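The values are calculated or read from the model by the stated rules, or taken from the named source; none is laboratory data. None of these values were measured; they are calculated from a predicted model. Virtual Cβ from ideal backbone geometry, glycine too; neighbours counted across all protein chains shown.
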Amino acid sequence: MKIGILRVGQIDMQAISRIQESLNSIFAGSESEVTNEEMSLPEGAFNETRKQHDSDTILKKVKDYAEKQNRFDHILGIVDVDIFVQRLNFVFGEADCPGKTALISLWRLRPEFYGQSPNNELFYERSAKEAVHELGHTLGLQHCPNPFCVMHFSNSTHDTDVKKNFFCTNCSTEVEATMAKLGANLERQV
């Protein structure tokens with residue numbers, strides 16, 4: 001599985017590097033690559049009333065990008081703005097489930113957002129967990145009831161901090177089966 005990492009706006013390159021390392025480690029046999037392109041935030045994504053960006057609008061632009069290229073099996077868009085979906089106050093990310101595209105926001109993953117001292121290690125760890133989580137959705141995984149599984153829903157950074165950066169046994173089995181099917185499909189296309 002080849003994963004493209006697409007920067008949507010200016011992004012901390014160290015965070016991207018840590019996310020890339022994590023993806024390569026968690027998704028065995030996969031390869032992630034930062035795209036050469038940097039996408040700007042789409043016009044109309046900012047909601048003046050909420051002072052946040054609409055995640056659906058950004059994810060659609062990432063999806064449009066994914067449909068125009070065929071180098072990657074999955075695309076992970078990364079933004080550094082506050083994002084929301086209509087039914088929630090904010091989200092750390094969103095993905096097509098199942099699908100090819102996912103999006104995470106780094107904005108609320110920094111301890112400073114909550115008035116705490118900067119902690120780059122914690123920030124990078126949270127970023128990697130949310131990236132793995134959203135890509136798990138692209139493979140068809142739903143939220144997991146196990147609070148330590150990376151697929152557990154994060155309602156706050158506390159939830160993100162509690163969960164590990166890997167799949168529980170049940171989710172891991174699903175990921176392996178899905179990736180095996182993807183591999184078989186890719187081999188047939190060659």
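Quick notes on this structure:
- Looking only at segment 38-49, residues that are of a type in the set (G, A, S) and exposed (fewer than 12 other Cβ atoms within 10 Å of the Cβ) come to 2 in all.
- Sole residue being in contact with a strand residue (DSSP E or B) (Cβ under 8 Å, 6 or more places away or on another chain) and modelled with pLDDT of 95 or more, chosen from K61, K51: K61
- Flag for Y124 being of a type in the set (S, T, Y), within 15 Å of I16 (Cβ to Cβ) and either modelled with pLDDT of 95 or more or touching a helix residue (DSSP H, G or I) at 6+ places or on another chain (Cβ under 8 Å) (or both): yes
- Test: residue in segment 50-72 that is exposed (fewer than 15 other Cβ atoms within 10 Å of the Cβ) and in contact with a Ser or Thr (Cβ under 7 Å, 6 or more places away or on another chain): no
- Residue in segment 75-82 that is loosely packed, with under 13 Cβ neighbours inside 10 Å, in contact with a strand residue (DSSP E or B) (Cβ under 8 Å, 6 or more places away or on another chain) and in contact (Cβ under 8 Å) with a residue 24 or more places away in the chain present: no
- Residue list for segment 112-123, restricted to those being part of a helix (DSSP H, G or I) and more than 21 Å from F153 (Cβ to Cβ): E112, N120, E121
- Look at (1) surrounded by fewer than 22 Cβ atoms within 10 Å (Cβ to Cβ); (2) assigned to a helix (DSSP H, G or I); (3) in contact (Cβ under 8 Å) with a residue 60 or more places away in the chain and you find that I19 fails only one, number (1).
- In segment 144-181, the qualifying residues are those that are among the β-branched types (V, I, T) and part of a helix (DSSP H, G or I), and the one that is nearest to E125 (Cα to Cα) is T160.
- Looking across L141, L135, L103, one residue alone is assigned to a loop (DSSP other than H, G, I, E, B) and in contact (Cβ under 8 Å) with a residue 40 or more places away in the chain. It is L141.
- When residues in segment 112-121 are screened for being surrounded by 13 or more Cβ atoms within 10 Å (Cβ to Cβ), in contact with a helix residue (DSSP H, G or I) (Cβ under 6 Å, 6 or more places away or on another chain) and not polar (S, T, N, Q), 0 of them pass.
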